[in-house]
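Here is the structure we will look at.
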Amino acid sequence: MSKHRVSRRQFLSYTLTGVGGFMAAGMLMPMVRFAIDPVLKAEAGGDFIATPLKIKDITTEPQRVDFTFEQKDAWYTSDVTNTAWVYKDEQDNIVALSPVCKHLGCTVGWASSEDHPDQFFCPCHFGRYTKDGTNVKGTPPLAPLDVYPIQEKDGLLYLGKAEPRTKEA
Amino acid sequence: MKWVSKDIEIYLTAKEYVDTAVIPLYSVSFGNEMKQSASNAEFITLLTNYLERQFTGRLMLVPPYTYLKSDQYEDIINGLKKWEENIDKEQFKHIFYITSEIDWKNFEDELKGSLIWLPSLPLEHLNESQRISMVESQVKQLQSLFTQKWHENL
């Protein structure tokens, strides 16, 4: 037997505080969640997507990598295949460039123009980019190619969502 | 550019760069030929969409001209000619029709644009990656055709 005898009054007040506390928490939780909702939201598009390219196969020559992911367009879900140009730069950093021309969105190719074998070339309006994605002055594009954030997992290359570069040519 | 408001908005600000219109031609038939008709349309849809992705900045992918295969040929061609008349000649110097319907070959001369006929491939039996590489190889050939046409009129 414990020495502290709990009186009826004490017992009731403990019980009431406990129950009241739960009820208050139950009411406040949704309110708080509602208030800080933007913080809780999972970041859309932050996911990295696996590509079939092995890290050790990346060379200094840009190569084309296709990767597929699911895209939702309103209620219509479809598999979308995107492309990246991947290579290692002089400092051995892996660079993954988006092939979407910053002019009007055509697909650029590496060395697809005979006159400029070491540049990215856009067949639509002859836009050009140097190997690091910087737009060549005097050609239509006004910004460098977007860059994919990269991750390595199990020896494979993972790509995030392409981000624009701020550096101007 | 696709026929969606976002792309058209870009088009309106960059008209001088977009000089090519691509019109897919779909024939629709019911009954026994229904499956073939759908398979043709599917192939042309995939192909033109991929083509649009390569040349987004220079071509406008117009909604397909769709007609009943059982209709009179004069009517079908007159319908397409009306489209031709409505497309702004100043804006779109090049018009391409893409179809897998061989009958169009007979009427090629009557059309102002260039007709591209491609035999339809049965894509339904292929898996995703095979499909892509198949369509890609076809589009690659089309791409050189397009760039060639563009060079002619420089």
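The values are calculated or read from the model by the stated rules, or taken from the named source; none is laboratory data. What you see is a predicted model; the values in this text were computed from it and never measured. Positions of Cβ are backbone-derived with ideal geometry, glycine not excepted, and every protein chain shown enters the neighbour counts. To get the accessible areas, we keep the full protein, side chains included, count just its heavy atoms, and leave off ligands, DNA and RNA. Shrake-Rupley method; radii C 1.70, N 1.55, O 1.52, S 1.80 Å.
With a 1.4 Å probe and all protein chains in place, put B:110, B:101, A:90 in order of accessible area, largest first. Before the final figure, lay out each step's value.
Details: B:110 90, B:101 20, A:90 165 Å².
If we order B:110, B:101, A:90 from most to least accessible, we get A:90, B:110, B:101.
Carbon and sulfur together cover what percent of the accessible area of chain A at a 1.4 Å probe radius? Mind dumping the intermediate values first?
Numbers: 6680 of 11490 Å².
On chain A, the fraction of accessible area on carbon and sulfur atoms equals 58 percent.
In degrees between 0 and 90, to the nearest 10, how far off the longest principal axis of chain A does helix A:8-35 point, with axes built from Cα atoms? It works out to around 20 degrees. Taking all protein chains as they are arranged and a probe of 1.4 Å, the heavy atoms of residue A:31 leave approximately 110 Å² accessible to solvent.
Taking all protein chains together and rolling a 1.4 Å probe, residue B:112 ends up with roughly 140 Å² accessible.
Taking both sides together, the accessible area buried where A meets B is about 1300 Å² for a 1.4 Å probe.
The trypsin sites (Lys or Arg not before Pro) found in the stretch A:78-151 that occupy coil by DSSP, while having at most 15 further C-beta atoms within 10 Å, are A:137. Take the alpha-carbon centre of the stretch A:97-154, take the same for the stretch A:1-20, and report the distance between them in whole Å. So the two Cα centres are separated by 74 Å. When you count the other C-beta atoms within 10 angstrom of each residue and take the mean per peptide, B:48-56, B:65-73 line up highest first as B:48-56, B:65-73.
Solvent-accessible surface, computed for protein heavy atoms with a probe of 1.4 Å, shrinks by 30 Å² or more for the following residues of the stretch B:4-40 when the other protein chains are added to the isolated chain: B:17.
Projected label points at residue B:83 and residue B:127, each 7 Å from Cα along the beta carbon direction, are separated by 3.6 nanometres.
For the cross-link pairs B:15/B:81; A:102/B:81; A:102/B:82; A:54/A:137; B:35/B:112; A:72/A:102, the ones whose C-alpha atoms lie over 27 Å apart are A:102/B:81; A:102/B:82; A:54/A:137; B:35/B:112. Take the Cβ-Cβ distance between residue B:15 and residue A:40 as r, set R0 to 41 Å, and report the resulting FRET efficiency rounded to the nearest 0.05. Result of the calculation: an efficiency of 0.40. Comparing the full protein assembly with the isolated chain, the residues of the stretch B:46-72 losing at least 50 square angstrom of accessible surface (1.4 Å probe) are B:53, B:54, B:58.
Going from the chain on its own to the full set of protein chains, the stretch A:108-127 has these residues losing 10 Å² or more of accessible surface (heavy atoms, 1.4 Å probe, no ligands, DNA or RNA): A:123, A:124, A:125, A:126.
Anything in chain B that counts as a DSSP H helix reaching 24 Å or more along its axis (C-alpha) with Kyte-Doolittle mean of at least -0.5? List them, would you? Numbers along the way, then the final one.
Working: long enough: B:34-54 (30 Å, -0.45); B:128-152 (36 Å, -0.92).
Long hydrophobic helices here: B:34-54.
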